[in-house]
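Visitor: My questions all concern the structure below.
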Amino acid sequence: MRRGERSMQDKPVTSVVIAGGGTAGWMAAATLSRNFGPDALKVTLVESAEIGTVGVGEATIPPILQLNAQLGIDEDDLLRRTQGTYKLGIEFVDWGRQGSRYFHPFGSYGADLGGVAFHHHWLRTREGALADYSLNTGAALAGKFDRPTEDPRSVLSKLSYALHFDATLYAALLRERSLEQGVEAVEGRIARVVLDQLSGHVDRLDLADGRTLRADLYIDCTGFRGLLIEQALNTGYEDWSHWLPMDRALAVPTAPAGPPLPYTRSTADAAGWRWRIPLQHRVGNGHVYSSAFTDEAAATEALVAGLDGQMLAAPRALSFTTGRRRKMWNRNVVALGLAGGFVEPLESTSIHLIQRGVVTLMSLFPAGGFVQAEIDCYNRLMQAEMEEVRDFVILHYKQSLRDDTPFWRAVQAMSVPDSLAERMAIFAHCGRLLLGPGELFREPSWVAVMLGQGLVPQGYDPLANGIPESDLRPALQRMRAVIGRGVEALPSHAAFLRERSSAEPGERAG
Ligand SMILES: Cc1cc2nc3c(=O)[nH]c(=O)nc-3n(C[C@H](O)[C@H](O)[C@H](O)COP(=O)(O)OP(=O)(O)OC[C@H]3O[C@@H](n4cnc5c(N)ncnc54)[C@H](O)[C@@H]3O)c2cc1C
């Protein structure tokens, strides 16, 4: 390097190349271009129609609403454009035991009393069914939906929701936004990732047609292959399949067999589980399974046997390894989406982790050059987020009481991460959940899955005894009554969609 010349590390970052145009690539492009603008940051995205995208990823969790709002996307428009529906939670069928079902709702159960979390009062009295204290559960199972009211005194202000959408149509919407915001889209296949000899940073991407792309920062959104982060930088992958042995999926669309339901359904199977995600124009179905315990022919048979509508295409097979890239930011490459790691879609968390990756990158954006402490901080934060999701998903397997197949016996017998083992032991003792302030899944989610799958605490928080039982029981009865009336007052999900967000022209009100 000549004197006065800046190294690649010190150079201000004024240009980004995003490699890959799936959900991750376009989420990154839309967010960066909206926040920085084309004068501060030149954003180029390269994608390859020949390679295509993974094409799944249809269920989300509530924070997606914030992302869409920050991008200025109108929700009704989004639902129309992506054939979307609303999601109030997930129904788990055959998970705790065969023949059992429970609902993991977004939002809360009842109300905390005397500074003590609601579920301790319920554990103390067992007054009514836990599900009757959840507005989201009642609404979902009755096929009802409305957006929360703004009046905080109304129980209907407590509804919490996310979306189901067609992933390809969502990426197309974000693409359109990104182009309006000055992102340059390049169609072409990256044939070679060239590293700078001195710094080991990515210097340029050579496309198969001879063009070259150069930037200060590269975002690897190339999917499972991790073209930059792994194939070029050899970052390494922490494999979690000893805890989450699912490594295959089959996806198949079907024609709707009735009005779209406002929730995802997950049905446990002999060596994995099957999903059902209702959209306006079709239903997304899939089977996630472990190839160590079943084969593709048997998994296909189970998938097809569980469908309620007519198949619109042949089942498509996907393979994956659950885990995370050892560093999600390595040198001048940040990996987002499947390139950064993958936890199976049981709790619909992948798109959320992309969102968290982009938001965290913006808060540590290396505008003035690369600083190792910022890179380390990014990696630490993203690792913690992925591990929290991992633990929550493992809980669903470890805690099942099923023992009907070798798969279920194996996942129950496995040892789990210490963080999860400790949480399960504390809950089993007295129902306490000591969550970190930034954890994604809050108390109601853990309570729903733990109790739903048969982890019933021996006791409850003794602080709950501060309220005399003679006051507590009527208070709980009132809560259930208020929630029951709230559910009754809601319109049907199908009617709400038809009126506000239908993809069918002429079905819109106004
Ligand atoms: C079975 C399954 C079900 C899922 N369900 C959900 C769900 O319900 N909810 C959820 O949140 N998430 C879900 N996910 C995860 C979700 O699909 C992904 O997080 C999301 O689609 C993001 O994918 P991606 O953009 O990282 O990768 P991809 O969609 O694979 O995109 C990769 C991009 O890189 C491009 N590319 C690759 N190589 C090159 C090259 N050499 N040159 C140029 N371009 C290249 C491709 O063309 C493509 O544009 C699911 C995943 C699986 C496997």
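Visitor: Whole-Hz Karplus ³J(HN,Hα) for segment 116-132, in order, using 6.51 cos²θ - 1.76 cosθ + 1.60 and θ = phi - 60°, x for Gly and Pro?
Guide: Whole-Hz 3J(HN,Hα) from phi for segment 116-132: 10, 4, 3, 5, 5, 5, 5, 4, 5, 9, 6, 7, x, 7, 4, 4, 6.
Visitor: Give me the orientation-averaged projected area of the Cα convex hull of segment 377-433, in nm², one decimal.
Guide: Taking a quarter of the hull surface, the average projection is 4.6 nm².
Visitor: Antiparallel DSSP bridges in the chain: what percent, to the nearest 5? Walk me through the numbers on the way to the answer.
Guide: Numbers: 49 of 69 bridges.
That works out to approximately 70 percent antiparallel.
Visitor: Return a whole-number percent for the relative contact order of segment 267-419, with Cα pairs under 8 Å and 6 or more residues apart as the contact set.
Guide: 19 percent
Visitor: Let me ask something else about it. How high is the relative contact order of the chain, in percent, counting Cα pairs under 8 Å that sit 6 or more residues apart?
Guide: Averaging sequence separation for qualifying contacts and normalising by length gives 23 percent for the chain.
Visitor: Please express the Cα-Cα pair-distance distribution P(r) of segment 247-353 as a list of whole percents, one per 5 Å bin, running from 0 to the bin with the greatest distance.
Guide: 2, 12, 20, 20, 17, 13, 8, 5, 2, 1, 0
Visitor: Just order 105-113, 403-411 by mean Cβ neighbour count inside 10 Å, highest at the front, would you?
Guide: 105-113, 403-411
Visitor: Scan around Ser134 for amide H atoms under 5 Å from its own, H built in the peptide plane at 1.01 Å from N, and keep only partners 5 or more places away or cross-chain.
Guide: The answer is Gly110.
Visitor: Just need the Rg to Rh number for segment 330-372, please, alpha carbons only, Kirkwood Rh.
Guide: Rg/Rh: 1.05.
Visitor: Give me the extension gain from Val304 to Leu198: residue separation times 0.36 nm, minus the current Cα-Cα distance, reported in nm with one decimal.
Guide: Going from the current span to full extension adds 32.7 nm.
Visitor: Using the alpha carbon gyration tensor of segment 112-178, what are the three equivalent-ellipsoid semi-axes (square root of 5 times each eigenvalue), largest first, in whole Å? Don't skip to the answer; put the middle values down first.
Guide: On the way: eigenvalues 237, 42, 33 Å².
Semi-axes from the Cα gyration tensor: 34, 14, 13 Å.
Visitor: Please compute the alpha carbon radius of gyration of segment 304-402, then divide it by the globular-protein estimate 2.2 N^0.38 Å. Two decimals is fine.
Guide: Numbers: Rg = 17.4 Å, N = 99, 2.2 N^0.38 = 12.6 Å.
Its radius of gyration relative to the 2.2 N^0.38 Å reference: 1.38.
Visitor: Provide the gained length on full extension for the span Asp239 to Glu296, in nm with one decimal, where the gain is 0.36 nm per separating residue minus the Cα-Cα distance.
Guide: 18.3 nm
Visitor: Order of 172-180, 313-321, 127-135, 301-309 by packing, highest average Cβ count within 10 Å first?
Guide: In descending order of packing, they fall as 127-135, 172-180, 301-309, 313-321.
Visitor: Another question, then. Using Cα pairs closer than 8 Å and at least 6 residues apart in sequence, work out the relative contact order for segment 182-239, in percent.
Guide: In percent, rounded to a whole number, it is 24.
Visitor: Answer rounded, prolate or oblate for segment 392-509, using the Cα gyration tensor with square roots of eigenvalues a ≥ b ≥ c: rounded when a/c is under 1.5, else prolate when a/b is larger than b/c, else oblate.
Guide: Oblate is the answer for segment 392-509, as a/c is 1.5 or above yet b/c matches or exceeds a/b.
Visitor: Rounded to a whole number, what is D in µm²/s for the chain from Stokes-Einstein with the Kirkwood radius over alpha-carbon pairs (37 °C, 0.692 mPa s)? Working shown, then result.
Guide: Numbers: Rh = 24.2 Å.
The diffusion coefficient I find is 136 µm²/s.
Visitor: How big is the gap, in Å, between the Cα center of segment 24-79 and the Cα center of segment 139-196?
Guide: Their Cα centres are 7 Å away from one another.
Visitor: For a test of understanding, tell me how many lysine pairs in the chain have Cα atoms under 17 Å apart, given they are 8 or more places apart or on different chains.
Guide: 4
Computed from the coordinates by the stated procedures, all read-outs in this text should not be read as laboratory data. As the structure is a prediction and not an experimental result, all values here were calculated from the model. All Cβ positions, even for glycine, are placed from backbone atoms using ideal geometry, and neighbour counts span all protein chains on display.
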